[in-house]
1. Is the shape of the range 698-738 best called rounded, prolate or oblate, per the rule: a/c under 1.5 gives rounded, else a/b larger than b/c gives prolate, else oblate, with a ≥ b ≥ c the square roots of the Cα gyration tensor eigenvalues?
2. Determine the share of the chain's accessible area contributed by carbon and sulfur atoms, expressed in whole percent, with a 1.4 angstrom probe.
3. What FRET efficiency comes out for Asp737 versus Asn921 if R0 is 25 angstrom and r is the Cβ-Cβ distance? Round to the nearest 0.05.
4. For the range 276-434, treating each Cα as an identical point scatterer without solvent, what Debye log10 I(q)/I(0) comes out at q = 0.16, 0.17 1/Å?
5. If each Cα of the range 647-754 is one equal point scatterer, what is log10 of I(q)/I(0) from the Debye formula at q = 0.20, 0.24 Å⁻¹?
6. Which value in nm describes the separation of the simple spin-label points at Ile612 and Ser98, placed 7 Å from the Cα toward the beta carbon?
7. Would you mind computing Rg(Cα) / (2.2 N^0.38 Å) for the range 1-79, counting N as its residues?
8. Sequence neighbours fewer than 8 away in the same chain don't count; with that in mind, list the lysines whose C-alpha is under 21 Å from Lys124.
Amino acid sequence: MKTKTFAVVDLETTGHSSPKGDRIIQIAIVFIRNGEIAEKFVRFVNPGQKIPPFIRQLTNIADEDVENAPYFEEIAEEVRNLLEDSIFVAHNTDFDLSFLQNEFKRCGLAEWSGRKIDTVELSKIIFPSSASYRLQDIAEDLNISLPAAHRADDDAEATSELLLACQRKLQTLPSATIELLHKKSFRLKTDLAALFYDALKETRDKKLSAEYSVFRGIPYRNIESKNKVEISHFDYPVDDNQKTELLTKSFPKFERRESQFRFMDAVQETLSEQSEIATEVPTGIGKTIAYLIPAAIQSMETGKPVVISTYTNYLADKIVDEELKKLDLIFGAKLKATVLKGREQYISLGKFEELLTISEQSYDETFTIMQILVWLTETRTGDLEDLNVSGGGQLFVDRIRKRSERMAPDEYQADFHLRLVSECSSSNFIITNHSMLLADSNRSKRIFNSLSGLIVDEAHQMGQIALRHNEIVFSYTNWKYIMGQVGSEAEGQLLHGLFSINDRFEFANRSMKDGLLNSFTRFVEAFDYATAVLSNYEPNAIRKQQGNRKVYPLTGMKSMNKHFNKVAITISNYIDHAEAFIARLAKHQNNMSRSELAYLSEWTYWIREIKIKAGEWVEIFLDEDLQNFTVWMEKDLRSVPGSLVIVKSPLESSIPIRKLIQQLNDDKTGVVWTSGTMSIPNYNRYIPQKLGISDEVPLKTFEAPADFYDGAEVYIVEDMPEIQRVSQTDYIEAVTDAVIRTVMATGGRLFVLFTSQDMLRKTYDLITESEQLEDYALFAQGITPGSRMKLLKSFNQYQRSVLFGTSSFWEGVDVPGDALSAVIVVRLPFTSPENPLFKARASVLSDQGLNPFAYYALPEAVMRLRQGFGRLIRSSTDKGFFIILDRRIDTKSYGKQFLSSLPDVPIKKVPLQVMVNELENCYNGFV
């Protein structure tokens, strides 16, 4: 039997298009035989033209390197022969193979023919949780050496190692998983089926390991169940020397901090006395470990868990991955913690298995299924946030989220969410997020109902989460996507499958089918007309807004009620026909195949989604009681009606929080509210009042160590244009220049914080077009695929990185040590006065005789700036620069309130070039 040879190819070129005159400047081929790297072929190539400057910078290949090298015409036949009878491998075959084929054609040679493997496609399947699949990124992730990215020899060798790593990982998977991958692989873009087949032959006789279970033929990794730590008694360290001794167990170089000890005492007293306290705790005192120690002791004494609620899932995971390990050293025992998120965060294996049986799937769906099959052999939580999928794949992921507690009997044992819930009562800690905490307070059967305490970290974010909980959002694209799932009779679509089932058994007559189709048509017509009228609605205020994105209150729309009513009536009529059709088919489930049952289940799911949408339609467009709500429209003029979004939001965020507080008081649960920002200048109880925390609840403030911010400096760039006196275009150009020069001076590791997505996108586009930061990993919220936390993980992973973020990146993210060198504030974080929610709240304040700017706009902006500064310094050894480009902080009277909210650090007002020079000196070791 002939041994397979893999030819791993990488090209460096003068540009992207051979037909347009671009040429190869370096080619490398690495051969793999018998699972090992064999010989290599590496050549510089004379392109017969000057190498463009940005290519020289990217590849570090100069004209002098190639001036004596052969032209490609001289080596084309040799290269063509080397590739003969080999499997062509590249990290993006669409570029390397296509370019090479065009060059062969130009040289009068026949195109190469054979099998090809794209390691981008392969690595996405085999490593489905990796943050990025750029070669340098995935290589770093897998500890593959890549001395010089964008050099063909190094890139080809790294790609070879990546292929081998994928093959090794593949052979560790259960054979049933590999078999499912092989069945799906024939729909892929490159020839991965042979790889899966070879692995299947190697593993077919391998027994399933005990670490896996199988659900309807799908292997998945078991959740590791841990027993709660059994310590009969552990005295709280009342004496400060005892505290020092205890903390030294986890921190050998522990330095005593008075504020940390006093915060520990406050938490211990609150939990043991079942009382309530609000605390302002700055970074730098070891806040997390300080509340975990008394919380652990309280859990041991009561036998009940303490709930730790954080702002994001990322912070929840961080407590488990880092902080609890320190706690284990302190107590000399492994404490049990369960991370519990909202059920929609977890996969429904039953739904996933159903969709596997439906044969007609797009490339994105097939690819995502393969990623999930591998991921199921790794995940111990079933948390879908861990997957890195494409945009099209995300639509599939959303279909397999756990929506309800209704399950088939065999699903209970395999349900990730249910198994985690069952672990909660025997845990010392339940780590959750604010959203889950608030949602649980509305359940008839609460999960968090027998606790020994609750600690709400990043408490200032609770108000925003409470608002989102009661928001209702209409999205045109989301509605159209759902309608598309049930409305098409085309082959391969859901309705076609159902009609085929019906035709086989003749369950429903023709009139019933016609009634279903006609009612759907009437619904679509009413919907399209109503949304067209909405899309054309333009109040006078919209003309004042710059850019294509428009946001404005939805008022004076009563004349449209007849159109809104027609949608409500037609959708209700359609739902009646759809449910009658379902009921007719469901009577004969016992005679259906598994595939037919999957079609029926999928149809039922989508009709249920349409019923939810129908209820939302009525609440947004036909509910006349808007006393405590505001409604607004968002659209992008470049894509109407596709961009149409309408939001109905409550004005008051404290109502659901007060309900939670009342439940906790009734349960006699001690509650600690903690945040780095509870007060701001002139507003001592700003956050507690916003959250609805009683004025009787004490607010204690703890100070950071005196030397904690010694490594921080604030720069105000005094030669930036004044934002209110220049056009947005001119200001963005100045911001772009400042960002590029700052990044190059510091070597990256920057946050660039914006207040609008529009300005972020325009700045990012200018920077990428300039190609001056080509060697840096740029991550931009709303542009780079992935959630906020995925962007943050990617940013943390790479040394030369820059992250562009809007409002949510101002706060609630933790970037320790030298992972962050500077934070650039593009403009002061005021909410736009045109923001509909701001307008509605400002109107309420005005009616109360209060100044909306002084009582709402300014305090919110000051709080955000203070939180933004908090991203920079996370320990006393950190060094970082807080750079403010908006000169209003210096020229306006309210600027003093912003500056007084920051820690006592040096503030320098300097021109941009002076700042850049100082940063360069600092990062080159001259200061």
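The values are calculated or read from the model by the stated rules, or taken from the named source; none is laboratory data. Just so you know, these numbers come straight off a predicted model, no measurement behind them. Heads up, the Cβs are rebuilt from the backbone with ideal geometry, glycines too, and the neighbour counts pull from every protein chain shown. Ligands, DNA and RNA are stripped out before the accessible areas are found, and what is left, the full protein with its side chains, is counted by its heavy atoms. Shrake-Rupley method; radii C 1.70, N 1.55, O 1.52, S 1.80 Å.
1. Prolate shape, in that a/c is at least 1.5 and a/b is the bigger ratio.
2. 47 percent
3. That pair, Asp737 with Asn921, gives E of 0.80.
4. -0.95, -1.02
5. Listed by q, the Debye log ratios stand at -1.08, -1.31.
6. Taking the simple label geometry, Ile612 and Ser98 are separated by 3.8 nm.
7. Computed over Cα atoms of the range 1-79, the ratio equals 1.25.
8. Lys124 reaches Lys116, Lys169, Lys183, Lys184, Lys189, Lys790, Lys793.
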